[in-house]
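Undergrad: Just dropping this structure here.
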Amino acid sequence: MIETLTTRYTYVVAVIVIAIGLYVLFDRNLIKKIVGLNIFQTGVFLFFVTAGYRTGGTPPIASAGGGPYVSPLPHVLILTAIVVGVSVTAVSLGMVFLLYETYGTVQEDELREAIHE
Amino acid sequence: MSNLLVLLVVVPILAAIVSAVGGFRGRHDGWTIATGALLVTVGLSTAVASTVSRTGRISYAVGGYVPPYGIELVADSLSVLLCVVTATVSLGALLFMRRESHSNHFYTVYLLLIAGVFGLGITGDLFTMYVFFEITGLAAYVLVASGRGGAAIYAAFKYLLVGTIGATFYLFGVGYLYIVTGALNMADIAGRLGGMYGSPAVIAAALFIVVGLAVKIPLFPVHTWLPDAHSKAPPSASAVISALVTAAAAYALIRVLFDVFTIEFLTATPLIQTVLVTLAAGSVLLGTTVAARQQSVKRMLAYSTVSQFGLVVIGISIANTTALTGSVIHLAGHAVMKAGLFLAAGAIASSFGATTVDEYAGLGQRAPILSAAFMVLALAMVGIPPGVGFFGKWYIVLGAVQAEAWPVAVVIFLSTLLTLGYFVGLLERIYFGTPTVSKPTAATDGGTSPPQAESDVDTWKLAVVLVAAVGAVGLGFVSTPVAGFLEPVIEGMVR
């Protein structure tokens with residue numbers, strides 16, 4: 001247990017970040033929900049990036065001297081995933097903006113009441 | 001010939017860009033561009049289908065990087081079926097919109113959604129699958145939000161939150177698989193997983209991926225976003241989202257379970273199958289009982305989607321050749337039937353202003369052709385032969401009996417009775433109900449009362465709904481050859 005914590009602590013941090021993100025997602029405020037979604041996604045990104053790490057590894061640039069290199073593949077994947085995450089955030093903020101213009105609130109329960117009226 | 005594969009994704013994306021640029025210049029040619037692009041994809045998917053039926057599996061290495069290092073696009077008879085259904089259903093929904101006025105940007109998003117579904121159908125790589133999930137998802141959120149009023153935007157926001165959580169769980173599971181195997185190519189992972197079936201990391205990966213896909217399909221109890229999203233979207237968007245996006249997610253589940261984790265893993269880990277069959281049976285029972293209580297016809301159809309995909313997942317979790325064939329046929333058949341039903345409901349709403357079960361009363365006299373098409377589609381969905389719904393369910397039940405999964409067979413039988421119950425209730429209103437007093441004020445925003453005769457129904461809408469009704473029956477007759485076409489691939493999956 002202690003050994004896992006000392007050698008694999010980055011994975012533990014990733015899981016804690018994921019849990020915090022999921023917790024914030026249950027807030028009534030729509031903006032906070034979007035923040036939670038971002039934290040949740042960041043946790044998963046951290047998890048991936050950690051997988052590419054190796055002790056004593058150098059950046060995987062061929063001219064920067066010999067290996068061992070860290071694995072560049074997870075970094076590339078997560079770069080794509082970050083772009084996807086930004087698009088999702090942009091679209092969701094656009095929706096919240098329209099909802100605020102229509103109903104004048106970003107609180108989930110107030111919105112639900114306003115829509116059912 | 002394998003170059004055609006990549007064009008399936010590229011053509012709709014290029015057309016989407018052309019349509020968007022035209023839109024920024026104030027042009028209104030989105031419908032024409034989209035129709036052209038989708039006609040091309042119908043041709044492409046047919047060409048790919050004929051190649052696959054002659055030579056079997058075809059593969060394309062994106063950018064010339066050889067798999068498993070590069071991204072691989074794969075087509076076998078299963079993915080080809082999804083592509084052909086996607087191309088035809090989306091073209092049908094587009095023709096339905098001929099006389100509607102949408103901006104070019106609406107068609108851009110529509111084309112991106114189709115590109116995403118094609119991508120899901122032909123990708124051979126788990127991470128690319130995530131990207132296509134998000135392309136499809138983002139386009140679907142925007143299409144739902146383009147429905148009328150704030151309620152549609154709120155429904156789209158809920159859909160976005162839940163959909164993104166599902167996709168991120170999927171990505172988390174893929175992360176576990178990547179850490180365990182160091183690979184992302186589906187066939188490569190399947191090869192490397194052999195002998196690691198008991199590893200907690202692999203089981204965790206499978207659970208996260210299954211949960212992520214369960215949100216996307218959607219299964220009970222994470223289906224809550226679906227009824228609002230599917231009923232608040234514009235009719236043709238409801239049709240493609242309900243028919244294709246859900247089908248693509250169920251297809252992805254089949255791919256991941258049988259091509260990545262393989263049947264050996266599923267037999268070694270009964271937990272996954274137990275989780276799936278429980279969630280699926282819950283979806284079937286909840287979907288049918290709640291659908292029966294809906295006043296809004298579109299919400300009824302949306303809950304019916306939940307129950308029908310419960311059936312599809314039951315077939316997947318039984319995991320024998322017959323049941324899996326049934327799932328795939330039901331998935332394709334559901335796409336045609338549910339798209340047809342949503343479009344019929346859209347045509348009825350725009351021409352007669354009827355959206356609830358009560359308002360459908362007496363429609364049989366006012367719109368005999370539209371009502372007849374609705375009846376054919378509804379009965380095919382219940383599973384009355386020779387509708388395609390019968391054959392899908394029949395294979396699934398047969399598979400359940402072969403696997404001696406009696407409770408599952410009982411659930412399917414019960415759901416068929418309940419589905420029959422609510423659709424017959426609706427048809428009874430259409431044909432034998434007395435029309436409610438017409439409410440001129442409750443009509444459209446213009447204050448004009450809706451046209452009351454069938455001759456006023458847009459011919460394009462009527463034609464598309466009729467073709468869907470004919471297709472729902474016609475597909476029933478070809479379901480045996482389709483099962484034969486699928487057999488080699490499905491045999492290979494559940495060997």
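The values are calculated or read from the model by the stated rules, or taken from the named source; none is laboratory data. None of the values given here were measured: they were computed from a predicted structure. When we count neighbours, we look across all protein chains shown, and the Cβ atoms used for this are built from the backbone with ideal geometry, even at glycine. Surface areas here come from the heavy atoms of the whole protein model, side chains and all, with no ligands, DNA or RNA. Shrake-Rupley method; radii C 1.70, N 1.55, O 1.52, S 1.80 Å.
Undergrad: Would you list which lysines come within 27 Å of residue B:216, measuring only between C-alpha atoms, while excluding same-chain residues fewer than 8 positions from it?
TA: A:32, A:33, B:158, B:232, B:298, B:338, B:393
Undergrad: For the stretch B:312-318, in order, what is each residue's ³J(HN,Hα) by Karplus, 6.51 cos²θ - 1.76 cosθ + 1.60 with θ = phi - 60°, in whole Hz (x at glycine and Pro)?
TA: 4, 6, 4, x, 5, 6, 5
Undergrad: Putting +1 on Lys and Arg Cβ atoms and -1 on Asp and Glu Cβ atoms, find which of B:316, B:287, B:247 reaches farthest to the positive end of the dipole of the stretch B:228-334.
TA: Value computed over the given set: B:287.
Undergrad: Let me ask you something else. Chains B and A: buried accessible surface, both sides, probe 1.4 Å, rounded to 100 Å²? Display every interim value, and only then the final one.
TA: Working: alone 18210 and 8290 Å², together 23690 Å².
That pair of chains buries around 2800 Å² in total.
Undergrad: Between residue B:413 and residue B:278, how high is the FRET efficiency from 1/(1 + (r/R0)^6) when r is the Cβ-Cβ distance and R₀ = 22 Å? Nearest 0.05. Mind dumping the intermediate values first?
TA: Details: r = 18 Å, r/R0 = 0.82.
Rounded to the nearest 0.05, the efficiency is 0.75.
Undergrad: Hand me the trypsin sites (Lys or Arg not before Pro) from the stretch B:89-167 located in a DSSP loop with no more than 11 other Cβ atoms within 10 Å, in residue order please. Display every interim value, and only then the final one.
TA: Numbers: sites: B:98, B:99, B:148, B:158; in loops: B:98, B:99, B:148.
Within the stretch B:89-167, the qualifying trypsin sites (Lys or Arg not before Pro) (loop, at most 11 other Cβ atoms within 10 Å) are B:99, B:148.
Undergrad: Can you tell me how much longer the chain between residue B:459 and residue B:424 gets when fully stretched, taken as 0.36 nm per residue apart minus their C-alpha distance, in nm with one decimal?
TA: Values: separation 35, 0.36 × 35 = 12.60 nm, distance 2.69 nm.
Here the segment from residue B:459 to residue B:424 would lengthen by 9.9 nm.
Undergrad: Right, here's the next one. So, with a 1.4 angstrom probe, what is the percent of accessible area on the stretch A:2-116 that is carbon and sulfur? It would help to have the intermediate numbers written out before the result.
TA: On the way: 4470 of 6590 Å².
Carbon and sulfur together cover 68 percent of it.
Undergrad: Would you please give the residues with an amide H less than 5 Å from that of residue B:123, counting only those at least 5 places away or on a separate chain, with H modeled from the backbone geometry?
TA: When sequence neighbours closer than 5 places are left aside, the close amide H contacts are B:74.
Undergrad: For the stretch A:2-116, what is the accessible area per residue in Å², given a 1.4 Å probe and the full set of protein chains? Working shown, then result.
TA: Numbers: 6590 Å² over 115 residues.
For the stretch A:2-116, the per-residue accessible area is 57 Å².
Undergrad: Hey, if we sort B:82, B:285 by accessible area with the 1.4 Å probe, largest down, what's the order?
TA: Details: B:82 15, B:285 65 Å².
Greatest to least solvent exposure: B:285, B:82.
Undergrad: Let me ask something else about it. Going by a 1.4 Å probe on protein heavy atoms, which residues of the stretch B:172-212 end up with at least 30 Å² less accessible surface in the whole assembly than in their chain alone?
TA: Residues of the stretch B:172-212 that lose at least 30 Å² of accessible area once the other chains are added: B:172, B:178, B:179, B:184.
Undergrad: Counting other Cβ atoms within 10 Å, which chymotrypsin sites (Phe, Trp or Tyr not before Pro) in the stretch B:24-112 have at most 12 and lie in a DSSP loop?
TA: B:65
Undergrad: What distance in nm separates the simple spin-label points at residue B:487 and residue B:100, each placed 7 Å from Cα in the Cβ direction?
TA: 4.1
Undergrad: Now a separate question. Quick one: Cα centre-to-centre distance for the stretch A:63-117 and the stretch B:173-226, in angstrom?
TA: What the calculation gives is 23 Å, centre to centre.
Undergrad: Then there's this: Long-range amide H contacts for residue A:69: which residues qualify at under 5 Å (H placed 1.01 Å from N, peptide plane, sequence gap of 5 or more or a different chain)?
TA: Amide H neighbours of residue A:69, under 5 Å, 5+ apart: A:58.
Undergrad: Determine the order of B:303, A:69, A:11 by accessible area, beginning with the largest, at a probe radius of 1.4 Å.
TA: Details: B:303 30, A:69 85, A:11 60 Å².
My answer, sorted largest first, is A:69, A:11, B:303.
Undergrad: Based on the Cα coordinates of the protein assembly as shown, what is the per residue volume of their convex hull in Å³? Don't skip to the end; give the middle numbers.
TA: Details: hull volume 97.2 nm³, N = 612.
Convex hull of Cα atoms, per residue: 159 Å³.
Undergrad: Separate question: Could I have the simple spin-label model distance between residue A:12 and residue A:58, label points 7 Å from Cα toward Cβ, reported in nm to one decimal?
TA: In this crude label model, residue A:12 to residue A:58 measures out at 3.2 nm.
Undergrad: With a 1.4 Å probe and all protein chains in place, put B:413, B:390, B:342 in order of accessible area, largest first. Don't skip to the end; give the middle numbers.
TA: Details: B:413 135, B:390 55, B:342 0 Å².
Order by accessible area, largest first: B:413, B:390, B:342.
Undergrad: For residue B:295 and residue B:369, calculate 0.36 nm times their separation in residues minus their Cα-Cα distance, and state this gained length in nm to one decimal.
TA: On the way: separation 74, 0.36 × 74 = 26.64 nm, distance 2.31 nm.
That pair, residue B:295 and residue B:369, stretches by 24.3 nm at full extension.
Undergrad: Provide the gained length on full extension for the span residue B:25 to residue B:271, in nm with one decimal, where the gain is 0.36 nm per separating residue minus the Cα-Cα distance. List each step's numbers first, then the result.
TA: Working: separation 246, 0.36 × 246 = 88.56 nm, distance 5.54 nm.
Here the answer is 83.0 nm.
Undergrad: Could you grab the Rg to Rh ratio for chain A? Cα atoms only, Kirkwood for Rh. Please list the in-between numbers first.
TA: Working: Rg = 19.6 Å, Rh = 16.8 Å.
Value, to two decimals: 1.17.
Undergrad: Relative to the longest principal axis of the C-alpha atoms of chain B, give the angle of the C-alpha long axis of helix B:149-181, reported between 0 and 90° and rounded to the nearest 10°.
TA: For B:149-181 against chain B, the angle is about 10 degrees.
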